[in-house]
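S.K.: Quick one: the structure is below, and I'll ask about it shortly.
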Amino acid sequence: MLGGKLYIILAAAAIGHVHSRDVNFRVISMSTSVSVSVGGKTHQLTATSPDLPYFTGKVTVPDGDVKYNYVAGDFTEPFERNLPASWSQTYNDLVNRSQTVVPLPPFPWPHDQDPQWKRQSNPLPLFDHSFIPVIYVSAPQAAIDLLNVNLKGVVPGSVTFFYGDEYQTFASANYSIHKDGKDYWAKRALKIALLGDDSINGRKYFKLRDLAEDPTYMREVLYSNMLQAAGVGTPNVIHVRVYVNRVPMGLFALTDYTKIGSLQNIWENFAVSHFHGGKFDGQIVNWFDCGTGADFVYKGENHTMYVGYENDNPITWNEQDLIPVFRELANIKGSEPAADAFVTNTFDVESIMRSMVFEYLTGSWDGYWLSSSNFAIYKDPQTNKWFFIPQDFDLTWGLLTDLQIPALRYEAYEKAQGTISNYSAPLITSLLQVPKYRTLFETRLKDTVQRLFNPVAFNRRSNALHARLLEEVEWDLASPRLHPGKPNAWVVDDFRVGLEQTIDRGTWGHNFGMNVWVEGRARAVCEQFGIKWDEVPRDPPLNEHVNGVAPPSGPASGTNRQQDAATSSASRAEDRPPTVFSDPLAVTKRAYF
């Protein structure tokens, strides 16, 4: 009898004892009051600073997986989040963003020779594509109001970059609007400059592209991702959310290549971070940002005959340095020895060949080949060669033109030069006149289609990113437009179908879904050369950090942690779909959380 009672008492004690753990919750919110709800109980979180929309707090929770959500003011998240049993803290959640850290499938590396560009300083944590960073600008409201109306000048303030597992605040920064013309979109491209010695792994200057011309919001980012997978030293690009003084500005594509007003040495800063690992003793001399007219055609020895080549430092701006390059290029004239000398001593051939492969594959009509535009060149003192650096990739995949169709062979690009901008492109066409270098181009083209630019490898990444962006685009289109200009060209339904369908908006035509375009052009290349694309994507080496895909561990301890150069913030995939709101008022309201 005694034994029976003892057994019952011990069993009751065992049942009543519940193991627990302390968890540090971390969340970004534009509200001034935030709490977390766990197991039906609400726990108030504390703002880390009155000027920062960031809240943390330790909460004792049961062992095992835990469901939770946030309450911001009078708004309660309409979904539950999952906290795995092994986690002692969350990533940097954002109120009403249902997915925090989600790794994307990597693009394969198409080339066996020099497969990756390894000369840039560590792009992490900012350019980790498993998390969509949140950028928060704090500045005097009166100055912001004036900037929003006049679109001119810069506003000093502070800026905070929130990443998946940490954040960085810079007390001294300049905030500005990219273009002040009245005929641009009401959602304006923005710029941020970190002042003094501040930088993010050597990067000080950022442009935030508005994405207003692209119904998929994906062209800039995916193009950059592909170039990097192909080993091209191109600018980094990533989607970001932007808030200014707790007001949402929208979803942008942040790039670390830009020019800001009269500031000097901005492009030199890019050269140091992308070619010299963030450290360079000396002066960057031969750097040119190239716009329409920078065609590389030899026009004589007078440097005033050349247009489109710009440097942001008058001391080092000398177009005369380029004339020997143009002259040598003009003298190739189909000669293999002359072409060999050009690529051995003067110009890096891989940078131009790999870049032109993607201009053709994506139907780019605002790049070098068809418009002599949107690239840079740099004479690297280590190799004493010029490098081609592509940038700005919005007018691609059939956007805003009916001149390109997926079935076109690359030879059509040779014939099409000059039809859009009246400029030719000898930097590629002169090399293609030499059989050896035509073979090199075709080899790079075939490898790219076989491994990367095809419906298997491309769609794996594009579909995952598309699913990731749905609630971001809903939020963006619900955000207020505070600048004068044209209204949104697209609606959420355009985004939903943008990978697979044509969208007709008059002059803002979207003639091909991105995935449809990729399949059509890949088939054209396969038919031309008798090849097949890989049925299973060839993932990059497991020990390499590629396109923001990181090993699936939990968040690190510490709120403002600097990451090791070889790793990124850890990743997790959540199994619930983005929340879809049918009530326009609810969509508009949620933009402020």
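The numbers here are math on the coordinates, done by the rules we state, and not lab data. Keep in mind the model is a prediction, meaning the values are calculated, not measured. Because the Cβ atoms are built from the backbone with ideal geometry, glycine has one as well, and the counts that use them run over all protein chains shown.
S.K.: Students often get this wrong, so try it: which of [x] 75, 70, 44; [y] 105, 57, 52; [z] 77, 53, 49 is Cα extents along the principal axes in Å as calculated from the structure shown?
M.R.: [y]
S.K.: Taking the Cα centre of region 96-208 as the origin, how large is its charge dipole in debye, to the nearest 20, when only Lys and Arg (+1) and Asp and Glu (-1) carry charge on their Cβ atoms? Please list the in-between numbers first.
M.R.: Working: 12 positive and 10 negative charges, 88 e Å.
Computed charge dipole of region 96-208: roughly 420 debye.
S.K.: How big is the dipole moment of region 28-100 about its Cα centre under a simple scheme where the beta carbon of each Lys and Arg is +1, that of each Asp and Glu is -1, and everything else is neutral? Debye, nearest 20, please.
M.R.: Values: 5 positive and 7 negative charges, 15 e Å.
Approximately 80 debye in magnitude.
S.K.: Here's something else I'd like to know. Say the dipole of region 398-506 comes from +1 at the beta carbon of Lys and Arg and -1 at that of Asp and Glu; which of P480, S462, A407 then lies farthest toward its positive end?
M.R.: So the residue furthest toward the plus end is A407.
S.K.: Now, a different point. Need the list of lysines near K182 for cross-linking: C-alpha distance under 16 angstrom, and skip anything on the same chain fewer than eight residues off.
M.R.: Within the straight-line limit of under 16 Å, K182 reaches these lysines: K152, K486.
S.K.: Could I ask something else about it? Going Cα to Cα from K67, which lysines come in below 23 Å? Please leave out same-chain ones fewer than 8 positions away.
M.R.: Cross-link targets: K41, K58.
S.K.: Would you work out the charge dipole size for the chain about its Cα centre, treating the Cβ of every Lys and Arg as +1 and the Cβ of every Asp and Glu as -1, and quote it to the nearest 20 debye? Write out the running numbers ahead of the final one.
M.R.: Working: 54 positive and 65 negative charges, 179 e Å.
In debye, rounded to 20, the chain gives about 860.
S.K.: Which pairs in the list K333/K446; K259/K379; K207/K415 are over 22 Å apart, alpha-carbon to alpha-carbon?
M.R.: Numbers: K333/K446 26 Å; K259/K379 19 Å; K207/K415 34 Å.
Where the Cα-Cα span goes over 22 Å, the pairs concerned are K333/K446; K207/K415.
S.K.: Based on alpha-carbon positions alone, could you give the equivalent ellipsoid semi-axes of region 25-179 from the gyration tensor, as √(5λ), descending, whole Å?
M.R.: Numbers: eigenvalues 186, 150, 32 Å².
After scaling each eigenvalue by five and taking roots: 31, 27, 13 Å.
S.K.: So for the chain, taking the charge dipole from beta-carbon charges (+1 Lys/Arg, -1 Asp/Glu), which of M356, A72, P426 sits furthest toward the positive end?
M.R.: Toward the positive end, the furthest listed residue is A72.
S.K.: Please report how far the C-alpha centroid of region 264-291 lies from that of region 303-376, rounded to the nearest whole angstrom.
M.R.: Taking the Cα centre of each part, region 264-291 and region 303-376 sit 18 Å apart.
S.K.: Here is a further query. If I model a spin label as a point 7 Å beyond the Cα along the Cα-Cβ vector, how far apart are those points for Q433 and Q168 in nm?
M.R.: Label-label distance for Q433 and Q168, simple model: 4.7 nm.
S.K.: Related question: Over 30 Å between Cα atoms, which of K179/K204; K187/K385; K385/K436 qualify? All intermediate terms of the calculation are to be shown ahead of the outcome.
M.R.: On the way: K179/K204 20 Å; K187/K385 39 Å; K385/K436 20 Å.
Correct reply: K187/K385.
S.K.: Still on this structure, please answer the following. Work out the charge dipole of region 71-125 with +1 on the Cβ of Lys and Arg and -1 on the Cβ of Asp and Glu about the Cα centre, then indicate which of Q113, N82, Q99 is farthest towards its positive end.
M.R.: It is Q113, whose Cα lies furthest towards the positive end.
S.K.: Then there is this: For a label point 7 Å from the Cα of N384 along Cα→C-beta, name the residues of region 284-317 whose backbone N is under 16 Å from it.
M.R.: Within reach of a label on N384, which here means backbone N under 16 Å from a point 7 Å along Cα→Cβ, region 284-317 contributes 286.
S.K.: So what's the angle, to the nearest 10 degrees on a 0 to 90 scale, between helix 435-451 and the longest Cα principal axis of the chain?
M.R.: 20 degrees
S.K.: Continuing with the same structure: Grab the Cα-Cα distance for D321 and K67, subtract it from 0.36 nm times how many residues apart they are, and report the gain in nm with one decimal. Please report the intermediate quantities before stating the final value.
M.R.: On the way: separation 254, 0.36 × 254 = 91.44 nm, distance 6.31 nm.
Fully extending the segment from D321 to K67 adds 85.1 nm.
S.K.: Post the alpha-carbon centroid distance, region 430-455 to region 25-76, in whole angstrom.
M.R.: Taking the Cα centre of each part, region 430-455 and region 25-76 sit 53 Å apart.
S.K.: OK, next. Label N150 and R119 with points 7 Å out from Cα along Cα→Cβ: what is the distance between them in nm?
M.R.: For N150 paired with R119, the spin-label model returns 4.2 nm.
S.K.: Let me ask another. What is the gain in length, in nm to one decimal, between K179 and A341 on full extension, counting 0.36 nm per residue of separation less the C-alpha to C-alpha distance? Present the calculation step by step, with values, prior to reporting the outcome.
M.R.: Values: separation 162, 0.36 × 162 = 58.32 nm, distance 4.19 nm.
Length difference between fully extended and current span is 54.1 nm.
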